[in-house]
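What follows is a single structure, written as structure tokens, with notes after it.
The values are calculated or read from the model by the stated rules, or taken from the named source; none is laboratory data. None of these values were measured; they are calculated from a predicted model. Cβ coordinates were reconstructed from backbone atoms using ideal geometry, including for glycine residues, and neighbour counts include every protein chain displayed. Surface areas here come from the heavy atoms of the whole protein model, side chains and all, with no ligands, DNA or RNA. Shrake-Rupley method; radii C 1.70, N 1.55, O 1.52, S 1.80 Å.
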Amino acid sequence: VVCVGGDGSVSEVAHGLLLRAQIDAGKDTDYIPTPVRAPVPLGVIPAGTTNILAHTLYGIKHAVTATLHIVMGHIQPVDVCTFSTPSKLLRFGFSAMFGFGARTLALAEKHRWMPSSQRKDFAFIKTLADLKPEECELSFLPLQIPQEDSRENDRITLLYLGSKDQWHKIQGHFLNVSIMAIPCLCSMAPRGLAPNTRLNNGSMALILVQNTSRTEFIKHLKRYASVKNQFNFPFVETYTVQEVKVQPRPKNGLDAKENTHLNPASAEGNYPWNIDGDLMKEASEVHIR
């Protein structure tokens with residue numbers, strides 16, 4: 001199967017192939033702790049705006065290069081996440097953002113009448129001007145790695161080598177939460193949004209940006225376009241994980257009223273998620289594995 005399109009289209013096709021594979025294998029599609037692989041390879045030819053998936057796969061977002069890889073039969077295994085609530089599977093995907101990245105997308109979707117580039121710039125600037133953190137509780141299961149492999153990871157990635165199935169919890173106010181199974185390279189982030197992960201190492205990068213000033217947050221965002229470490233800030237934490245649970249905490253009183261004009265969805269109990277560039281709204285805990 002060959003998909004010609006942007007990240008949203010590729011993610012939808014990958015979701016369809018994987019979901020069909022689960023159905024054919026007789027799996028319960030509401031709960032898939034151990035999904036089976038899709039038997040049909042997926043070819044990606046970039047034709048979108050950012051083309052993160054194609055850029056990450058081929059190192060460049062070039063349609064002819066992608067086509068040649070497909071014609072020559074090059075196969076590259078890629079990690080995929082499942083996104084689910086306690087009661088159902090939401091979808092398969094490669095990356096997700098909660099907080100700033102999701103609220104920017106939600107605002108852009110409300111202005112579909114604008115040209116694509118203007119819509120995204122407007123949403124980015126507006127969300128940055130009304131910068132507010134999300135209160136949530138995060139639970140994560142760190143990646144279990146052999147002791148001898150730990151030296152390969154840089155100091156900014158926090159690794160836990162403790163007992164198996166030892167969950168860790170963090171509660172607080174976060175400007176952005178990113179969960180990414182692939183490095184997510186693009187022209188705006190040549191090193192990748194998650195440079196510490198790989199295409200198929202069986203792990204996810206959990207990147208937490210805690211509440212800070214707008215000035216410091218902008219400095220963090222600017223680092224993505226440079227060769228400097230975008231995580232080298234006291235308010236940024238990164239973890240290498242197997243599973244993550246994100247439980248938003250509803251706002252009460254004045255905070256909720258202040259948030260309504262920017263993000264009505266969260267005021268109604270539905271929080272926006274940016275999954276591979278597609279908007280998803282969910283009120284309950286989201287489990288990513």
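When you go through (1) surrounded by fewer than 18 Cβ atoms within 10 Å (Cβ to Cβ); (2) over 22 Å from Ser87 (Cβ atoms) one by one for Ser11, which number turns out not to apply?
(1)
Return only the number of the condition from (1) more than 16 Å from Phe100 (Cα to Cα); (2) open to solvent by less than 20 Å² (accessible area, probe 1.4 Å) that Met180 does not satisfy.
The one condition Met180 does not meet is (1).
Quickly run through the stretch 250-289 and pick out the residues that are modelled with pLDDT under 55 and either on the phi > 0 side of the Ramachandran plot or in a strand (DSSP E or B) (or both). Show your work before the answer.
As a first pass, look at the stretch 250-289 and keep what is modelled with pLDDT under 55: 253-267.
Scanning the stretch 250-289 gives a single hit, Gly253.
If you scan the stretch 64-111, which residues turn out to be part of a loop (DSSP other than H, G, I, E, B), free of Cβ contacts under 8 Å to residues at least 60 places away in the same chain and in contact with a helix residue (DSSP H, G or I) (Cβ under 7 Å, 6 or more places away or on another chain)?
Result: His111, single match.
Of Thr85, Thr34, which residue is surrounded by fewer than 18 Cβ atoms within 10 Å (Cβ to Cβ), in contact with a Lys or Arg (Cβ under 9 Å, 6 or more places away or on another chain) and over 19 Å from Ser187 (Cβ atoms)? Full working, then the answer.
Numbers: Thr85 fails: in contact with a Lys or Arg (Cβ under 9 Å, 6 or more places away or on another chain).
None of the other options fit; the residue is Thr34.
Any idea which of (1) touching a residue at least 24 places away in the same chain (Cβ under 8 Å); (2) farther than 14 Å from Ile182 by Cβ; (3) hydrophobic (A, V, I, L, M, F, W, C) is the one Ala25 doesn't satisfy?
Going through the list (1) touching a residue at least 24 places away in the same chain (Cβ under 8 Å); (2) farther than 14 Å from Ile182 by Cβ; (3) hydrophobic (A, V, I, L, M, F, W, C), Ala25 breaks only (1).
Among the residues of the stretch 101-114, is there at least one that is surrounded by fewer than 17 Cβ atoms within 10 Å (Cβ to Cβ), at pLDDT below 95, assigned by the TED database to the domain that holds Tyr271 and among the aliphatic types (A, V, I, L, M)?
Residues of the stretch 101-114 that are surrounded by fewer than 17 Cβ atoms within 10 Å (Cβ to Cβ), as a first pass: 109-114.
Checking which are at pLDDT below 95 leaves us with 109-114.
The next check asks that each one be assigned by the TED database to the domain that holds Tyr271; those that pass are 109-114.
Pick out the ones that are also among the aliphatic types (A, V, I, L, M) and you get 114.
Scanning the stretch 101-114, I find at least one residue that is surrounded by fewer than 17 Cβ atoms within 10 Å (Cβ to Cβ), at pLDDT below 95, assigned by the TED database to the domain that holds Tyr271 and among the aliphatic types (A, V, I, L, M), so the answer is yes.
Do we have any residue at all in the stretch 214-226 that's within 25 Å of Glu134 (Cα to Cα), touching a residue at least 40 places away in the same chain (Cβ under 8 Å) and part of a loop (DSSP other than H, G, I, E, B)?
Checked the stretch 214-226: no residue is within 25 Å of Glu134 (Cα to Cα), touching a residue at least 40 places away in the same chain (Cβ under 8 Å) and part of a loop (DSSP other than H, G, I, E, B).
Go through the stretch 1-57 and give me each residue that's in contact with a strand residue (DSSP E or B) (Cβ under 8 Å, 6 or more places away or on another chain), in a loop (DSSP other than H, G, I, E, B) and within 27 Å of Asp121 (Cα to Cα).
Gly6, Ala47, Gly48, Thr50, Asn51
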